[in-house]
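First comes the structure, then the notes that go with it.
The values are calculated or read from the model by the stated rules, or taken from the named source; none is laboratory data. What you see is a predicted model; the values in this text were computed from it and never measured. Here the Cβ positions follow ideal geometry from the backbone for every residue, glycine too, while neighbour counts run over all protein chains shown. Just the protein is used for accessible areas: all its heavy atoms, side chains included, with ligands, DNA and RNA removed. Shrake-Rupley method; radii C 1.70, N 1.55, O 1.52, S 1.80 Å.
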Amino acid sequence: MIIDLTDTTSSEIASALLKARRNAGSPAMGMVGTIVVVVDEASHHDAMKAANEAGREHPSRVLVAILRPGRGATGLDAEVRVGEGIPGEAVLLRLHGELAKVPESVVTPLLLPDSPVIVWWPGGGPKVPADDPLGRLGRRRVTDAAATRRASVDFTARAEGYQPGDTDFAWARLTPWRALMAAALDQYPTTVTAAEVVSAKGNPSADLMAAWLQCRLGVPVEQKNSRGPGVTAVRMFTPSGPIALTRPDGSVATFSIPGQPDRPVALKRRTTSELLSEELRRLDPDDVYAKTLACMVDRENLPEAAKKVDAADKRSVQSAVSTAAARTAEASPASAKKAAATAKAAAEKSGAKKATVRRTAAKKTVAKKTAVKKAAAKKTAAKKTASKRVAGRS
């Protein structure tokens, strides 16, 4: 059911929601929270679609606020949607004129009581989400550094203004990467001497990944550019070789650990609705994200030389191979002499065995010929004796 309201108020929208639920035959709400989406006119359709898809796992009331500040007349238009494939409720709000400067006055009466509020800015978000009028309403404030119109996100401002509940899709995109790299060190405990993050140029997830690795491992982390998409490789250098997770196509990655065969890992780039669903599963403060933001600020203040990986660390594999080859070369004279003696003894033993076989075969052949000759002689003698007897009788 879709109800269009023109030049309306928050109370009329609330009444329309109640009426729509009753007409749909479901007076009970059965929703777990409110998702407030702050978006522009051009991208509101995709944002509402992603919120509704996430609502299949977390049924919620979705309030999409389109802010249109300007010199035009102040007013509020709304579109209420209930049912028709929508797991909860969806309300599209268009705030015109001066009303767009105080959106909290419209949104606050429409929040579900006694339930968490998630505020999401699909287009990037403010520098300090907790200071935003709508951000103050949220228990969870979700931004997307990759969608910002600015050349880069000021993570220093984000770190200084961080409040419990702040998070970013650029950080959520790293969840499977961080899990796999942490699991690698559980499977192969070793000393990490340096690390490397490869990604498309200007990727904020790569910046966060480099800061997280440097903060957790305490080693230099170098960033390199690739054609993408997104993050394409993360490597941790160890004395015996690199622990690497490489994803050149944005779908399937290769997981490499020294001394073990390479393994394919499903690591596709997740959709916006999947990222939003992850944020809805966890509404408690993300302390790791807060520490990573602080580490990013420290990393930005480091000299460029401190962000480069020493060539010796990158050659760890070649060094290990060279060491093994040198050890083999040192032991080669004795090993070669022993191998030659063993081969000679084996050859002599094989030759003696073959000679014995040949002599035995020759003896058998001679014995067989002798037996044939004796049989033929006996047969000839028997014929002669028989001929003499016949001649005597005649």
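Of the Cα atoms belonging to the stretch 168-236, the radius of gyration and Dmax stand at 11.5, 32 Å.
Note on surface exposure: Met209, Met31 rank Met31, Met209 by accessible area, highest first, 1.4 Å probe.
Between the beta carbons of Asp154 and Ser240, assuming R0 = 56 Å, the FRET efficiency works out to 0.90 to the nearest 0.05.
With the charge dipole of the stretch 158-290 set up from +1 on Lys and Arg Cβ and -1 on Asp and Glu Cβ about the Cα centre, the Cα lying farthest toward the positive end among the listed residues Gly250, Trp177, Gln223 is that of Gly250. Rounded to whole numbers, the Karplus 3J(HN,Hα) couplings from phi for the stretch 134-144 are 7, x, 5, 7, x, 7, 10, 10, 10, 10, 9 Hz, using 6.51 cos²θ - 1.76 cosθ + 1.60 with θ = phi - 60°, and x at Gly and Pro. Near the amide H of Lys224, within less than 5 Å, lie the amide hydrogens of Val197, Val198, Ser199, all on another chain or at least 5 residues away, with H placed in the peptide plane.
Can you give the relative contact order of the stretch 41-160 as a percent, counting alpha carbon pairs under 8 Å and 6+ residues apart? Taking the mean separation of contacting Cα pairs over the length of the stretch 41-160, I get 19 percent. Distance between the pseudo-spin-label points of Ala306 and Val288 (7 Å out from Cα toward the beta carbon): 2.5 nm. Rounded to the nearest 20, the Cβ-based charge dipole of the stretch 69-140 about its Cα centre (Lys and Arg +1, Asp and Glu -1) stands at 260 debye. Normalising by residue count, the stretch 1-120 has a Cα convex hull of 94 Å³ per residue. For Val36, the residues whose amide H sits under 5 Å from its own are Leu63, Ile118, Val119, Trp120, ignoring neighbours fewer than 5 places away on the same chain, with H placed 1.01 Å from N.
Just how far, in whole angstrom, is the stretch 229-263 from the stretch 107-139 if you go by their alpha carbon centroids? Taking the Cα centre of the stretch 229-263 as reference, the centre of the stretch 107-139 is 38 Å away. For the stretch 1-137, the solvent-accessible area of protein heavy atoms averages 46 Å² per residue (probe radius 1.4 Å; ligands and nucleic acids excluded).
Across the stretch 187-196, coupling constants 3J(HN,Hα) worked out from phi with the 6.51/-1.76/1.60 Karplus curve, θ = phi - 60°, read 6, 10, x, 7, 8, 9, 9, 6, 8, 8 Hz, and Gly and Pro carry x.
The share of accessible area on the stretch 215-275 that comes from carbon and sulfur is 52 percent, using a 1.4 angstrom probe. Couplings 3J(HN,Hα) for the stretch 168-175, derived from phi with the Karplus relation 6.51 cos²θ - 1.76 cosθ + 1.60 (θ = phi - 60°), are 8, 4, 4, 7, 5, 5, 8, 4 Hz, where x marks Gly and Pro.
Between Glu12 and Ala42, residue separation times 0.36 nm minus the direct Cα-Cα distance comes to 8.2 nm. Which entries of Lys224/Lys308; Lys201/Lys308; Lys201/Lys224; Lys268/Lys291; Lys127/Lys308; Lys201/Lys307 show an alpha-carbon separation above 19 angstrom in the structure shown? Where the Cα-Cα span goes over 19 Å, the pairs concerned are Lys268/Lys291; Lys127/Lys308.
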